[in-house]
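> Sharing a structure below in structure tokens format, with a few things to ask.
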Amino acid sequence: MQSLLLVEDDSDIRESLASLLREEGYSVHEAADPTTGLATLRSLRPDLVLLDYGLPLPEDGEGFLRAKAADSGIGEIPVILITGYALPSEKDGTVAVLRKPFDFDQLAALIQEILGPPQKPRKGAVA
């Protein structure tokens with residue numbers, strides 16, 4: 001099963017997205033802040049990160065991306081930025097930028113474009 005790390009400070013958005021992504025067949029790990037997100041990224045090494053770029057300081061989305069890029073163990077894990085901010089282009093380490101508000105089907109299609117269709121767990125497998 002493909003795993004995603006969702007780093008989002010808004011608990012309503014985080015919980016809703018995580019629930020919808022689980023229904024799609026992904027294993028979803030959640031983090032409410034960049035520090036927890038980086039620790040989770042280092043320990044679990046998910047297939048893809050969904051990062052709210054507008055996280056509060058001191059360690060915002062930009063700081064998360066810098067720390068990720070500096071760590072050779074996690075630097076290659078792709079990131080989809082989710083943001084309400086106007087960004088000039090994709091940031092280092094990102095494969096796509098999704099502007100808020102967005103439709104969930106857009107996000108699901110983007111994830112499938114990057115990872116392929118969700119891999120359902122085999123019968124009897126422990127998730």
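The values are calculated or read from the model by the stated rules, or taken from the named source; none is laboratory data. Keep in mind that what you see is a predicted model, and the values were worked out from it rather than measured. So basically every Cβ, Gly included, is an ideal-geometry build from the backbone, and we count neighbours across all protein chains shown.
> For residue 89, indicate whether it is among the hydroxyl-bearing types (Ser, Thr, Tyr), over 11 Å from residue 49 (Cα atoms) and at pLDDT below 85.
yes
> Restricting to region 1-29, name every residue that is more than 18 Å from residue 78 (Cβ to Cβ) and within 11 Å of the chain's Cα centre (by Cα).
Residues satisfying the conditions are 14, 18.
> Would you mind stating whether residue 14 is without any contact (Cβ under 8 Å) to a residue 24 or more places away in the chain and touching a Leu at 6+ places or on another chain (Cβ under 7 Å)?
Yes; evaluated as a whole, the condition is true for this residue.
> Separate question: Contact list please: Cβ distance under 7 Å, first residue in region 20-40 and assigned to a helix (DSSP H, G or I), second residue acidic (Asp, Glu) and surrounded by fewer than 19 Cβ atoms within 10 Å (Cβ to Cβ), pairs at least six apart or on different chains.
34/59; 34/60; 35/59
> Condition check: touching a residue at least 60 places away in the same chain (Cβ under 8 Å), of a type in the set (A, V, I, L, M) and either under 18 Å from residue 95 (Cα atoms) or surrounded by fewer than 18 Cβ atoms within 10 Å (Cβ to Cβ) (or both). Does residue 4 satisfy that?
For residue 4, the condition - touching a residue at least 60 places away in the same chain (Cβ under 8 Å), of a type in the set (A, V, I, L, M) and either under 18 Å from residue 95 (Cα atoms) or surrounded by fewer than 18 Cβ atoms within 10 Å (Cβ to Cβ) (or both) - is met.
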